[in-house]
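K.L.:
Sharing a structure, written as structure tokens. Questions coming.
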């Protein structure tokens, strides 16, 4: 693909806060954005002129959308394969259909990761009740039974502790094709957020340490508490994954930090998010180039921007009613507040986030 | 005015790059923007859903616009008085009509500034050929003859050196009501960019040092090279001006740094820009809160954000063909690039800007 000129249009599938922040980043670079989303009340619709409101299965609408833009990307990994194929028929799609196919299925994803020599938790496929028993034999307990597709924020998961009946467990996840993963007694959760350009250049931000509440990311701290060797290994895992996928754009690789038998820190990859990621929001205030701009640069065929960090960063998600604390945050002179333009603060809904960046030596 | 809730709409008169960056800042805070501009190709139209394309004299369009928003502001100081009055009849206008009246006329502006005990260059009114001779007698030469209204970027100005015929000079500026200002042999040009909230709180960013080429701002360096006493005096001038105007929003006060008879640095106010200002663009990358967000916070009745600086900042305007250097800037890992979405790189046209922020001790 040629390098897009300023004034070109980025097509974005999905109109949530990630699509919104991608559109804002495109605007910073003098690029236009066209948001495609079936939801009339999409937050991203407020920040761009060109929108399409249509289902992801509407082939005529997808064709019109793709023809009207210069490149297409997405804010969510569950873009239907047929949607991706339709779009890619007309315009370059980044990250491409193979990335989607690899990351939409937990079993395919983990198999792919291991094939690169990148470690994950032990896992085994579960297709029915009898293969679940076999998987438990191979993986052991405690373990986590997860649907192969469409899980997020802890949905589609069942913890298999000692004593839980396998019939019940398989029923709880809807008797779907699944994967059983060994429970990882992790010390902490981290993510490597990084970008790969069309020319194969790779650039990672410093590693993020993530804390979840109710399976939803609550805070990200950067840099993560992590030894140099483990940090280097983590970035190397992300780089190998990106290279093997011939990836273009920003990706996040979520990992667990564990101690190996010798007491050394080591990392296990949990999953790949083929998109900008909540654990990279701190880059909007804490890095020279933010993840949204970097993604736009990559898919536009532009050089990647610098990823230097400006200090210690702490990002806090405003989830549901948290947004009622807005006034407290507004009075904090170190806080940079981002609200997503959502009117309805439902429980668990990401309404915005706040980042504080402090001088490196004040931590 | 009550504090606006998230989701409220900011009305902005003017659709250039300042209106565009104000709209982007509103989006960061979960607020909507409605851009009013007569120019079909306004850069700000790309980044918001609500736009009105109509002349500033269209009273019906202005009424509809004002009724559809919660507060109105502007990106340019030459908003016609009648336009401001129309809008203010329906919704709060910040900064208000008195600010516009004071700053639209150089004579009124400088008289107002001096009335606060804030120093400017010597000046005298010029209404006709004979008052020009009298003004030259009072102010001396060299001096600058400027139209009272609608001058910007050096337009509407004539330098009166020894020997220039007064008839010719008065003819060059169109025989309009004018002001003669003593030429100031300044050491440097600086600006104080600051904000005042609805509650009267005042917050300035660190002082900017500005370098012009062909009367157009080329670079801004922050912090300015300036002694502590002069810096304190400069901020005090801006604060007194803002307080006397009961100002709400961001303003820039442009000043000259000169040596007094005793060799001490002192500042003379040149002009007040009642809006976000090119010399404040560095705040987008170099401060906790940028000038665009701060302006939106102020006019929305929200608390002002922190103005701490993240390092030494250098902002370079991309003017006309400068934008052809884009690729060089894109490869600079310390550069943050902002393009305004303008398609036609005419000479003198501001196409974008680049900011580099470096650690304080590396300067």
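What follows draws every value from the coordinates through simple rules; no lab data is involved. Please read all numbers here as calculations on a predicted model, not as lab measurements. Ideal geometry is used to build each Cβ from the backbone, glycine not excepted, and the neighbour counts take in all protein chains shown.
K.L.:
Could you check how many percent of all C-alpha pairs in chain B are farther apart than 39 Å?
P.N.:
Of all Cα-Cα distances in chain B, 14 percent exceed 39 Å.
K.L.:
Shifting gears a bit: Using a cut-off of under 12 Å, list every residue of the stretch B:276-292 whose amide N is near the label point 7 Å from the Cα of residue A:359 along the Cα-to-beta-carbon line.
P.N.:
Those under the cut-off are none; the list is empty.
K.L.:
Name the residue, out of B:352, B:171, B:19, whose mean-square fluctuation peaks in a Gaussian network model built on chain B with Cα pairs under 10 Å.
P.N.:
B:171
K.L.:
What gaps in nm, shortest first, separate residue A:334 from its twins in the other copies when you place the label 7 Å past Cα toward the beta carbon?
P.N.:
Here the equivalent label points are 2.6 nm apart from this one.
K.L.:
Report the calculated FRET efficiency for residue A:232 and residue A:133 (r = Cβ-Cβ distance, R0 = 41 Å), to the nearest 0.05.
P.N.:
The formula returns an efficiency of 0.55 here.
K.L.:
Over the Cα atoms of the stretch B:228-363, what radius of gyration and what Dmax do you get, in Å?
P.N.:
17.1, 51
K.L.:
Under the classification rounded if a/c is under 1.5, otherwise prolate if a/b is larger than b/c and oblate if not, where does the stretch B:107-262 fall, given a ≥ b ≥ c as square roots of the Cα gyration tensor eigenvalues?
P.N.:
Note, shape of the stretch B:107-262 comes out prolate.
K.L.:
Determine the distance separating the Cα centre of the stretch B:263-338 from the Cα centre of the stretch A:224-295; give it in Å without decimals.
P.N.:
32
K.L.:
Between copies, how far does the label point of residue A:97 sit from its twins, in nm, shortest first, when each point is 7 Å from Cα along Cα→Cβ?
P.N.:
Between copies, matching label points for residue A:97 lie 6.2 nm apart.
K.L.:
Let me ask something additional. If R₀ is 41 angstrom, what is the calculated FRET efficiency for the pair residue A:212 and residue B:111, using the beta carbon separation as r and rounding to 0.05?
P.N.:
Working from the Cβ atoms, E equals 0.10.
K.L.:
Moving on. For the protein assembly as shown, restrict the atom set to alpha-carbon positions and state the Rg and Dmax in Å.
P.N.:
So, for the protein assembly as shown, Rg and Dmax equal 28.6, 105 Å respectively.
K.L.:
Using the Kirkwood radius over C-alpha pairs as Rh, can you work out the diffusion coefficient of the stretch A:1-146 via Stokes-Einstein at 4 °C, viscosity 1.567 mPa s, in µm² per second?
P.N.:
For the chosen part, D equals 75 µm²/s.
K.L.:
Which whole-number percentage describes the relative contact order of the stretch A:182-262, with Cα contacts under 8 Å and a sequence gap of 6 or more?
P.N.:
43
K.L.:
Applying 1/(1 + (r/R0)^6) with R0 = 25 Å to the Cβ-Cβ distance of residue A:97 and residue A:244, what FRET efficiency is obtained, to the nearest 0.05?
P.N.:
For R0 = 25 Å, the calculated efficiency reads 0.95.
K.L.:
Separate question: Looking only at B:207, B:12, B:53, which one moves most when chain B is put into a Gaussian network model with springs between Cα atoms under 10 Å?
P.N.:
Evaluated over chain B, the most mobile residue of the options is B:53.
K.L.:
Would you mind computing Rg(Cα) / (2.2 N^0.38 Å) for the stretch B:151-230, counting N as its residues?
P.N.:
1.49
K.L.:
Where the label is 7 Å out from Cα toward Cβ, how close does residue B:85 come to the same position in every other copy, in nm, shortest first?
P.N.:
The answer, with the shortest distance listed first, is 6.7 nm.
K.L.:
Determine the relative contact order of chain A: mean sequence separation of Cα pairs under 8 Å and six or more apart, normalised by residue count, in whole percent.
P.N.:
Computed over chain A, the figure is 14 percent.
K.L.:
Just to be sure I understand: if I project the alpha-carbon convex hull of the stretch B:77-180 onto a plane and average over all orientations, what area do I get in nm²?
P.N.:
In nm², the orientation-averaged hull projection of the stretch B:77-180 is 7.3.
K.L.:
Is the C-alpha gyration tensor of the stretch B:82-140 telling us rounded, prolate or oblate? Criteria: a/c under 1.5 is rounded; beyond that, a/b larger than b/c is prolate, otherwise oblate.
P.N.:
Oblate, because a/c is 1.5 or more while a/b does not exceed b/c.
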